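The values are calculated or read from the model by the stated rules, or taken from the named source; none is laboratory data. This is a predicted model, so every value here is computed, not measured. Ideal geometry is used to build each Cβ from the backbone, glycine not excepted, and the neighbour counts take in all protein chains shown.
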Amino acid sequence: MQKKHGWKIIAAAIIFMLAISGCATNTSKGTSGAAIGAATGAIAGQAIGRNTTGTLIGAAVGGLLGYIVGNEMDKFDQAQLNQVYESSPSHQRTQWVNPDSKRTYAVTPKPAYTQPSGQVCREAEILATVDGRPEKVVSTACRDNEGRWVIQK
């Protein structure tokens, strides 16, 4: 009877996670990856451990791994944006398509400026098409002590 009870908990958890992630409109890939990883980990943990402890450990490990993998996909866009800040001429649009998410981006950087603190910063207008909807954001990046661009907003 305990075996059937464990599988019911797993099934309910999976249905709950899928329902919640399906309703969310602005989840990150890291969050989605964590939900899928936790569900997969819970199934594997139950199959291997055949108890609640195994299920919980599997869910925790799967959630962590799913979050890491999901976030890794978004890093492609971060690397592209960093390249725009580093080398694109001011007022010249740079475009790309993320090969995994199929999201499109068009980024137009403005001239770099120096803050009163001496930190060099640069703004950029970002036009992104996410799930067929255009989104416009103005982002600011400043150089850190090693000279790398770090997104401020």
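Across region 126-153, which residue is nearest to residue 85 (Cα to Cα) among those that are loosely packed, with under 10 Cβ neighbours inside 10 Å and either over 17 Å from the mean Cα position of the chain (by Cα) or touching a residue at least 24 places away in the same chain (Cβ under 8 Å) (or both)? Per the stated criteria, the residue is 147. Screening residue 123 with (1) surrounded by 13 or more Cβ atoms within 10 Å (Cβ to Cβ); (2) modelled with pLDDT of 90 or more; (3) not in a strand (DSSP E or B) gives one miss only, at (3). The residue of region 51-92 that is modelled with the lowest pLDDT, among those that are of a type in the set (Ser, Thr, Tyr) and in a helix (DSSP H, G or I), is 67. Quick check on my filter: what residues within region 124-151 are more than 27 Å from residue 100 (Cβ to Cβ) and of a type outside the set (Gly, Ala, Ser)? If the condition is that a residue be more than 27 Å from residue 100 (Cβ to Cβ) and of a type outside the set (Gly, Ala, Ser), then 142, 143, 144, 145, 146 are the ones that fit.
Here 108, 114 are screened, and the one residue that is surrounded by 14 or more Cβ atoms within 10 Å (Cβ to Cβ) and at pLDDT 90 or above is 108.
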